[in-house]
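The values are calculated or read from the model by the stated rules, or taken from the named source; none is laboratory data. Please read these numbers as outputs of a predicted model, since none were measured by experiment. No Cβ is skipped: glycine too gets one built from the backbone with ideal geometry, and neighbour counts run over all protein chains shown.
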Amino acid sequence: MKLCILGGGGFRTPYVYQALLRDSGSPRVDEVALYDVDESRLHAMVAVLAELAAGFPDAPALKPTTNLQDAVEGSHFVFAALRVGGLEGRRCDEHVALDLNVLGQETTGPGGLAYAIRTVPVMVEVANVVKALAPNAYVMNFTNPAGLVTEAMQGVLGDRVLGICDTPSGLGRRVAGLLNLDHTRVRMDYVGLNHLGWMRRVLYDGRDVLPEVLGDDALLGRLEEGQVFGADWVRSLGVIPNEYLYYYYFNRDAVRAIVDSGTTRGDFLARTQEEFYRRAAQSGPGVADMWRATVARRTASYMAEARGGTQDEPSGDRRPETDPSHQGYAGVALGVMAAISRNEGRTMILNVRNRGTVAALPDDAVIEVPTLVDSSGVHPLSTDQPDLHQIGMMAQVKAVERHTISAALTGSADEAVTAFALHPLVDSVAVARQLVRGYIDRIPEVAAVLGR
């Protein structure tokens, strides 16, 4: 089978490739097309992958290319992780918002909307290329904002596009680990949108073990969400919120912490990743170890402001997963491919069409819920309805997403202002207008969309 990785020169690629190397099932991926617009990044990543493949005689063949059509043609699966505007665009996403004292995180709040406006047209074009050259392929989208981009691409490819996020499944594994339970026997009752959801139950052999965690100070204190949100707030909610809800529940604290730190996530990644690619271009053997060291720094500083640190001086003990069988999105992606190509029915938390799962949202809205995946496709599972607090947040953010998609596809600055103004982390028409103007002025890719 052929797998196409869009954004193949990016830092996520080795995770996916490592998962493929260790996959012994049949059929399996034997060709990986790596697409990227930057040849130097592609060259560096091929060097990393070649070192990782040492000792694997049947490693999937690598086909790097800067031609989108060549990469997509004949693919059975497409893994999409593009960054339109690069890390400089991400830095502007953050700083334009922070200059107005609103959150600039790349998926949550105005930073995510600016990212979406310039990304949706590109990803819809990708969807059209897939439809023409690989019409039977499934697209696993990790391009952020993942739920919003997935919904836009579904306008072309329907249910053959699904969104991947590793946060909910990682939460389930960590809860199982706290209780010394086999995570493969855990079933998670989770509902929400991408980066806006709640773990309501964690079922182990049919028994909900979540109350054991919520009722134990020591266990809750060891859980990262217990540290981020505080035990009292988690218990008040009665569920475990997705870590990105920190930016909603503690919005002012988050903005102040990021402003005071002087270094945003985008600033940090631009510096460290550019350093890696520069060194990789000049280096011989050992480039895979350089990648691992850079990833360790990235992981340690992930959401540092939520844990009392900064990007340059993180606190807490955030460690990357080391088991290649479930390294975040790579594990989810491999699970999707195995479930579809081998009819190994699996239940995973994915971004898929609602289809009546959440009654208060449109059927074609993309939501993040447990989903059965098999050779016939993806099937969201029925679930208890969200409570008023949860559905209120979901409905408002979904409305924002739809105005954002409209702005991206029509070039309407008015639609963009509406999207920003309705977002609960902006909550001001005047600030929304300043944000749209700021992003047009600072990011050429946004100006190209909204200036049509």
Residue count, region 175-185, condition surrounded by 23 or more Cβ atoms within 10 Å (Cβ to Cβ) and outside any helix (DSSP H, G or I), comes to 0
Tell me, please, whether a residue that is among the hydroxyl-bearing types (Ser, Thr, Tyr), surrounded by 15 or more Cβ atoms within 10 Å (Cβ to Cβ), out of contact with any Pro (no Cβ under 7 Å at 6 or more places or on another chain) and in a loop (DSSP other than H, G, I, E, B) can be found in region 345-362. no
Of the listed residues (GLU31, GLU51, GLU39), the one being within 21 Å of ASN136 (Cα to Cα) and of a type outside the set (A, V, I, L, M) is GLU31
Residue hits (region 117-149; in a helix (DSSP H, G or I), within 25 Å of HIS379 (Cβ to Cβ) and in contact with a helix residue (DSSP H, G or I) (Cβ under 9 Å, 6 or more places away or on another chain)) are MET123, VAL124, VAL126, ALA127, VAL130, LYS131, GLY147, LEU148, VAL149
Within region 29-88, residues being more than 22 Å from TRP291 (Cα to Cα), assigned to a helix (DSSP H, G or I) and among the aliphatic types (A, V, I, L, M) number 3
Within region 240-257, the residues that are of a type in the set (S, T, N, Q) and surrounded by fewer than 21 Cβ atoms within 10 Å (Cβ to Cβ) are ASN251
Picking from ASN343, ASN354, the residue that is at positive phi and either modelled with pLDDT of 95 or more or not hydrophobic (A, V, I, L, M, F, W, C) (or both) would be ASN343
Residue pairs qualifying under the 7 Å Cβ cut-off, at least six apart or on distinct chains, with the first in region 75-88 being closer than 20 Å to ALA408 by Cα and the second being modelled with pLDDT of 95 or more and of a type in the set (Lys, Arg), are VAL84/ARG118; GLY85/ARG118
Restricting region 186-239 to residues that are polar (S, T, N, Q) and modelled with pLDDT of 95 or more, the one surrounded by the fewest Cβ atoms within 10 Å (Cβ to Cβ) turns out to be SER236
With the first residue restricted to region 192-214 and required to be outside the structural domain of LYS398 (by TED's automatic domain parsing) and at positive phi, and the second required to be among the β-branched types (Val, Ile, Thr) and buried (at least 21 other Cβ atoms within 10 Å of the Cβ), Cβ contacts under 6 Å at 6 or more apart or on different chains are HIS195/THR107; HIS195/THR108
Over region 158-174, the set of residues assigned to a helix (DSSP H, G or I) and in contact with a strand residue (DSSP E or B) (Cβ under 9 Å, 6 or more places away or on another chain) is GLY158, ASP159, ARG160, THR167, PRO168, SER169, LEU171, GLY172, ARG173
The helices (runs of 4 or more DSSP H) lying entirely within region 383-452 that contain at least 3 residues which are of a type in the set (S, T, N, Q) are 388-410
*Looking at region 51-70, is at least one residue farther than 17 Å from ALA330 by Cα, at pLDDT below 95 and polar (S, T, N, Q)?*
no
If we ask which residues in region 102-116 are modelled with pLDDT of 95 or more and in a loop (DSSP other than H, G, I, E, B), their number turns out to be 1
In region 376-393, is there at least one residue being farther than 30 Å from MET337 by Cα and of a type in the set (Val, Ile, Thr)? yes
Exception for THR263 within (1) farther than 29 Å from ALA293 by Cα; (2) assigned to a loop (DSSP other than H, G, I, E, B); (3) of a type outside the set (Phe, Trp, Tyr) falls at (1)
